[in-house]
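The values are calculated or read from the model by the stated rules, or taken from the named source; none is laboratory data. Computed from a predicted model, the values in this text were never measured in an experiment. Note: ideal-geometry Cβ built from the backbone for every residue, glycine included; neighbour counts use all protein chains shown.
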């Protein structure tokens, strides 16, 4: 285990170690074939649910693991190192549970959370739309109150697990107010009028199903409104802060996998009679890759520690997402370069890692949006992470 993976308790050490072994034994052997054939591994999420991973950062009283976010992200990184599509799926599921776990009533939590956190129900998150990706306040999907139901009409784009999920956390407009006119709903997948388009044909992460979801007169009981009417954008942005940390952990795991493969290759292959690992050029490239992975991990865990202490972490979540995903793109590209023509071929996994890394710079808010979030935070306050850790910085105002 890398030395910078600081774990807070023996229980956490055992948990992350168990998930590492499980991932290496059960996910690695399946990943390449499933990605090549575009197979969605629904059974894997049930298995991970039984280990407790899908509910790891949520309270035990609702079936969660009661662990710090720092522990959850380290466990998620181990899964992503083995199979990035599954890592993304876990992150999205955990984010899909956020609204109910954080803003739901006690009755709502006790009714629905246990099956969600235990992996019996797989979640999807419906925020983006074809004309409202980076600007969620521009969404057009609308929910109109009709007696004791809301009726939802609209289209949601790029829903991970779309067509396979058991529930959808959906943001829809309930009034024309730009920021306070959006509400959050928990929609069962079998609700009449809810349809999935054929899965997107993607560059990478082909083992992760992504589809446009269509809401054509979907009737949702009023008790499936999460939080207050008009609170949806606040819920969505809070969930995205957590989701960005999840994607940062996944990107770190993917970069670690690329580094591991590149080191293995450099130890086993020669150029001009000398192992690549013994030559300064390849060795320095590997050193840069290792530094990038360590930096990504450190920024991700910094954000998690702020969240675990109840402090503002929005800026750090954006930093982590930006740094980790940009680094993953660089590290996977460097791995392809180090392997040369073999790195470009599908005989080695690094070409797949590079394709998978690209989308991580895009979803959960593009890295241009992360730069916008970070720069806006810098306009409001000064101070670095040390002031945040002492609770003296107010820089994390809602973005």
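Being modelled with pLDDT under 95 and in a loop (DSSP other than H, G, I, E, B) is the filter here; which residues of segment 39-58 pass it? Correct list: 52 only.
Would you say residue 94 is at pLDDT 95 or above and touching a strand residue (DSSP E or B) at 6+ places or on another chain (Cβ under 9 Å)? It is true that residue 94 is at pLDDT 95 or above and touching a strand residue (DSSP E or B) at 6+ places or on another chain (Cβ under 9 Å).
On the basis of being in contact with a strand residue (DSSP E or B) (Cβ under 7 Å, 6 or more places away or on another chain) and either assigned to a loop (DSSP other than H, G, I, E, B) or not assigned by TED's automatic domain parsing to the domain that holds residue 357 (or both), does residue 100 make the cut? Yes; evaluated as a whole, the condition is true for this residue.
So which residues in segment 105-150 are part of a strand (DSSP E or B), closer than 16 Å to residue 232 by Cα, in contact (Cβ under 8 Å) with a residue 40 or more places away in the chain and more than 17 Å from the chain's Cα centre (by Cα)? 143, 145, 150 - these are the residues of segment 105-150 that are part of a strand (DSSP E or B), closer than 16 Å to residue 232 by Cα, in contact (Cβ under 8 Å) with a residue 40 or more places away in the chain and more than 17 Å from the chain's Cα centre (by Cα). Listed conditions (1) within 30 Å of residue 16 (Cα to Cα); (2) free of Cβ contacts under 8 Å to residues at least 60 places away in the same chain; (3) crowded, with 22+ Cβ neighbours inside 10 Å; (4) not assigned by TED's automatic domain parsing to the domain that holds residue 51 are all met by residue 173, apart from (1).
Each residue in segment 47-63 was checked for being touching a helix residue (DSSP H, G or I) at 6+ places or on another chain (Cβ under 9 Å) and over 16 Å from residue 19 (Cα atoms), and 5 of them qualify.
Being farther than 20 Å from residue 297 by Cβ, surrounded by 24 or more Cβ atoms within 10 Å (Cβ to Cβ) and at pLDDT 95 or above is a condition met by no residue of segment 59-82. Of the candidates 262, 238, 255, the single residue that is within 24 Å of residue 317 (Cα to Cα), touching a helix residue (DSSP H, G or I) at 6+ places or on another chain (Cβ under 6 Å) and at pLDDT 95 or above is 255.
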